[in-house]
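First comes the structure, then the notes that go with it.
The values are calculated or read from the model by the stated rules, or taken from the named source; none is laboratory data. Keep in mind it's a predicted model, so treat the numbers as computed, not measured. Here the Cβ is made from the backbone with ideal geometry for all residues, glycine too, and neighbour counts use every protein chain on show.
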Amino acid sequence: MVRPRCEGRLFLVLVGASIGALAGAWGASSARSQPPGRPSGAEPAEAMARIPAGRYEPFYPSEPGERVTVAPFRLDVLPVTNARYLAFVRGHPRWRRGSVPRLFADPGYLGRWSSPTSLGSGVLPEAPATQVSWFAAAAYCRARGARLPTEAEWEYVARADERSPDGMTTPANVRRILGWYGSPRRGRTPVGEGAPNIYGVYDLHGLIWEWVEDFNATMVSGDNRQDRDQQRNRFCGGASIGSADIGNYAAFMRFAFRSSLEASYTVPNLGFRCAAD
Amino acid sequence: MSPRYTLALALLLCCGCSGTSTENAEQGQHAGHAGHAEQGGHVDHSAHAGHSAHADHGAHADHVAMDMAEPSGESIFLLDSEWTRQDGEAVTLSTVRGHPSVILMFYGTCEAACPILIHDLQQIDEALGEQERAQVRYLLVTFDPERDTVQSLAQLARGKEMDDRYTLLRGSEEQIRALSMALGVRYRRTPSGEFSHSNVLTLLDREGVVTHRVEGLNTEPDAMVARIRDMLTSG
């Protein structure tokens, strides 16, 4: 893929924003109810999709036959962008690079930005905000009167493809997702460029990894080389080693990735989106 | 492991953590290794440079009108919201500031691991000398604010003969999740209402910075005791 130079990229962002604005206007004027269109950068409120209640078998059940129930909630249709995260740190100095306590973010926090309060030409405003820790992501969502999605909520919506709430285990989707994981785009392209899923939500696959509220809720041990006896005593009640849905490789990799994380970590292709009740 | 899972893990390693987080990736792996009780040298004491010497701490014995300097950048006390103590009082985590303290997360109706974990905590206390004991504090935070009420926490403390050096706390789910994140404690509520959780004892220094952690059950108190002694003798 040819990477456009800086001027070319700015042009594309402007074109994209214009198209986005036109699409948004078209969506608003349409008589049929539709999932929210891709918002333009000028809109103050983040577009959220309404996700209906549902039940599904969790990837790592803690008891046989466990079903996760998800109450209705709202989810950002897009990951939080650099532009929106920039506005957040401008308004909340405590969360600027250089000011944030080490407990809450590691030294890689917003490392690609040119300064604590500016992106610089190398960072796309409409690309997902990455190199943000769990604490930072949670603070951003809280400042908006929202929250991070739970793992159950995120995984529930991620099961959907364009046509179905439960399409992720079709062979075609499995191939597509493995293809993405094989050639990571590193999350530096604008959000919302792919097709939305059946709920109108974009970019749950193929763009970035995303924080969830309770990523430390899975009892999976990440290292097979550990002493077995010690491992048994590390988790009380942990019977969660066997996954239910071994065809869902994408979910397997997400759970493995989450189990390697700590809340202060910042990772170049790990971002987030917000949810609300 | 089947070839498919090997491939999946290989892909994960290729496209997962990268960039500036390699140091932290190692730290994350260390946290999982049995027997690697110590958090590998990650404490940043440069934040203490502007902090007055520990000679002040004698005046803090009753925590009245203490001049609260900004906590160190790695202090757990940065989680500064209010919890409810077993006597009903609202306190923040910095209620133990100025003392080496051991913190654990548990829940009251846990029948398997938590009693052992609490026993391990008390073994540490019993291994200390009388004067050492007087300076140490213990924080026990419940995963289960629904069932662990102020009354049941007080009852638990009485049943275990915990004196006022022990603070049992309940808070909101948001607070509990944030604290678990800061301490590296995993937990989830299971469908039956129980909690799956990791078993961790964490030693905080006088400024609330994590300096040692022990994972598992029936752990030996020696390492913790040695670290506490270091802290008490260094002032």
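Looking across A:LEU103, A:LEU75, one residue alone is at the interface with chain B (Cβ under 9 Å from one of its Cβ atoms), touching a residue at least 40 places away in the same chain (Cβ under 8 Å) and surrounded by 15 or more Cβ atoms within 10 Å (Cβ to Cβ). It is A:LEU103. Summed over the range B:115-138, residues that are within 14 Å of B:ALA157 (Cβ to Cβ) and touching a residue at least 60 places away in the same chain (Cβ under 8 Å) total 1. Only one of (1) in contact (Cβ under 8 Å) with a residue 24 or more places away in the chain; (2) out of contact with any strand residue (DSSP E or B) (no Cβ under 7 Å at 6 or more places or on another chain) is not met by A:TYR156, so which one is it? Looking at each condition in turn, A:TYR156 falls short on (2).
Of the residues making up the range A:106-124, just one is more than 22 Å from A:SER264 (Cβ to Cβ) and under 19 Å from the mean Cα position of the chain (by Cα), namely A:LEU124. Residues of the range B:73-98 that are within 14 Å of chain A (Cβ to nearest Cβ) and under 14 Å from B:LEU179 (Cβ atoms): B:SER75, B:ILE76, B:PHE77, B:LEU78, B:LEU79, B:ASP80, B:SER81, B:LEU93, B:SER94. Before we move on, is A:SER164 away from every other protein chain (no Cβ under 13 Å), part of a loop (DSSP other than H, G, I, E, B) and touching a helix residue (DSSP H, G or I) at 6+ places or on another chain (Cβ under 6 Å)? Judged against the criteria, A:SER164 is not a match. For the range B:97-114, taking the residues that are in contact (Cβ under 8 Å) with a residue 12 or more places away in the chain and over 17 Å from B:VAL200 (Cβ atoms), the one that is surrounded by the fewest Cβ atoms within 10 Å (Cβ to Cβ) is identified as B:THR109. Flag set for B:LEU203, criterion: more than 14 Å from chain A (Cβ to nearest Cβ), crowded, with 21+ Cβ neighbours inside 10 Å and under 25 Å from B:GLY73 (Cβ atoms).
B:ILE116 meets all of the listed conditions (1) more than 26 Å from A:THR150 (Cβ to Cβ); (2) assigned to a loop (DSSP other than H, G, I, E, B) but one, namely (2).
Taking the criterion of being facing chain A (nearest Cβ under 7 Å) and closer than 13 Å to B:THR142 by Cα, the residues of the range B:176-185 that qualify are B:ARG177, B:SER180.
Of the residues making up the range A:83-100, not one is more than 14 Å from every other protein chain (Cβ to nearest Cβ), crowded, with 23+ Cβ neighbours inside 10 Å and either in contact with a Pro (Cβ under 6 Å, 6 or more places away or on another chain) or assigned to a loop (DSSP other than H, G, I, E, B) (or both).
Starting from residues that are more than 10 Å from every other protein chain (Cβ to nearest Cβ) and either at pLDDT 95 or above or touching a Leu at 6+ places or on another chain (Cβ under 6 Å) (or both), keep the ones in the range A:254-277 and report whichever is farthest from B:ILE76 (Cα to Cα). Looking at residues that are more than 10 Å from every other protein chain (Cβ to nearest Cβ) and either at pLDDT 95 or above or touching a Leu at 6+ places or on another chain (Cβ under 6 Å) (or both), I get A:ASP277. Give the residue, chosen from B:GLU132, B:GLU174, B:GLU161, B:GLU126, that is surrounded by fewer than 19 Cβ atoms within 10 Å (Cβ to Cβ), assigned to a loop (DSSP other than H, G, I, E, B) and either out of contact with any His (no Cβ under 8 Å at 6 or more places or on another chain) or among the small types (Gly, Ala, Ser) (or both). So the residue among B:GLU132, B:GLU174, B:GLU161, B:GLU126 that is surrounded by fewer than 19 Cβ atoms within 10 Å (Cβ to Cβ), assigned to a loop (DSSP other than H, G, I, E, B) and either out of contact with any His (no Cβ under 8 Å at 6 or more places or on another chain) or among the small types (Gly, Ala, Ser) (or both) is B:GLU161. Taking (1) within 28 Å of A:ARG176 (Cβ to Cβ); (2) at pLDDT 95 or above in turn, A:PHE88 satisfies each apart from (1). Quick one: is B:ALA223 assigned to a helix (DSSP H, G or I) and within 11 Å of chain A (Cβ to nearest Cβ)? No, not satisfied. Here B:ARG188 meets each of (1) within 12 Å of chain A (Cβ to nearest Cβ); (2) within 24 Å of B:GLY98 (Cβ to Cβ); (3) assigned to a strand (DSSP E or B) with one exception, condition (2). The residues in the range B:187-235 that are touching a His at 6+ places or on another chain (Cβ under 7 Å) and under 30 Å from A:THR69 (Cβ atoms) can be counted, and the count is 1. Taken together, the criteria exclude A:PRO149 from residues that are away from every other protein chain (no Cβ under 14 Å) and touching a strand residue (DSSP E or B) at 6+ places or on another chain (Cβ under 8 Å).
Going through (1) closer than 19 Å to B:TYR107 by Cβ; (2) more than 9 Å from every other protein chain (Cβ to nearest Cβ); (3) not in a helix (DSSP H, G or I) one by one, B:LEU217 falls short only on (2).
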